[in-house]
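Please read the structure below before turning to the comments.
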């Protein structure tokens, strides 16, 4: 369930901390971009190549000519030797379409290190790497639905537009991943890489939502955001707790035994999400917010996952 807070905490709750995208932040992004290029040079291109009919300079293979094929791609030299008609096939490099879906529900408005800010820093870093390599990138927040986002960004010159957009995203509403992702697959028809960044507090479950993405043949990667205050909360005694997304209250006596059961349940959620991803051939990483965002992204890159 979403993290809880006392009624007094709710009344004095501060606005979302300001995100600062300064020169130092840009330096970190550029360093990550350089590392990404070194790690995936060659591998990235190989993964993106598909054999198609085309006029690219890089030859791939032959196949027999069939009625309806473009005669311009017939290999006439081979015909002269074999007296059989074959079509030239070429390797045509495809652009990588990347979409980053970021949970912007109220449960992300929480944490020792603000969860939504952390998620947006990770999203900005991954988007920058994609945009710098002239890939098409979408950055799309969601709660109960797909919210206003940025579609089809290319080139590092768009990064400041992305920063301005990210700064203005305010956490709101509950989480309904299935409805939001169903809307996404209805709008994004191109097959690509989809990164889902969030805390996975969805009362209706996350399984069907992630399956929507797989049904469309997307490569799916999950970045599960976890903060220390929700993983190991320091609460004891008689408390009146408020659900961060529904504003519902519950009076409860928090004992050591209850805290132990809570931590076990929290760990089970994270483990269940990871196992679901593994079973369904999706990438998974648990993103603890006490780990600097650039260290997290660097770890992802070195594992060869997510980007590319």
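Side notes on the structure shown:
- Odd one out for residue 154 among (1) under 23 Å from residue 187 (Cα atoms); (2) out of contact with any helix residue (DSSP H, G or I) (no Cβ under 7 Å at 6 or more places or on another chain); (3) at pLDDT below 95: (2)
- Count of residues meeting criterion [farther than 21 Å from residue 209 by Cα and over 15 Å from the mean Cα position of the chain (by Cα)] in region 92-134: 13
- Screening region 116-201 for strands (runs of 3 or more DSSP E) wholly inside it with 3 or more residues that are closer than 23 Å to residue 290 by Cβ and assigned by TED's automatic domain parsing to the domain that holds residue 99 returns the ranges 193-198.
- Check on residue 187, under 24 Å from residue 137 (Cα atoms) and out of contact with any helix residue (DSSP H, G or I) (no Cβ under 8 Å at 6 or more places or on another chain): yes
- Number of the exception - residue 238 against (1) at pLDDT 95 or above; (2) more than 20 Å from residue 270 (Cα to Cα): (1)
- Test: residue in region 286-305 that is assigned to a helix (DSSP H, G or I), in contact with a strand residue (DSSP E or B) (Cβ under 9 Å, 6 or more places away or on another chain), assigned by TED's automatic domain parsing to the domain that holds residue 36 and modelled with pLDDT of 90 or more: yes
The values are calculated or read from the model by the stated rules, or taken from the named source; none is laboratory data. The model shown is predicted, which means the values in this text are computed figures rather than measured ones. Quick reminder, even Gly has a Cβ in these numbers, built from the backbone with ideal geometry, and neighbours come from all protein chains shown.
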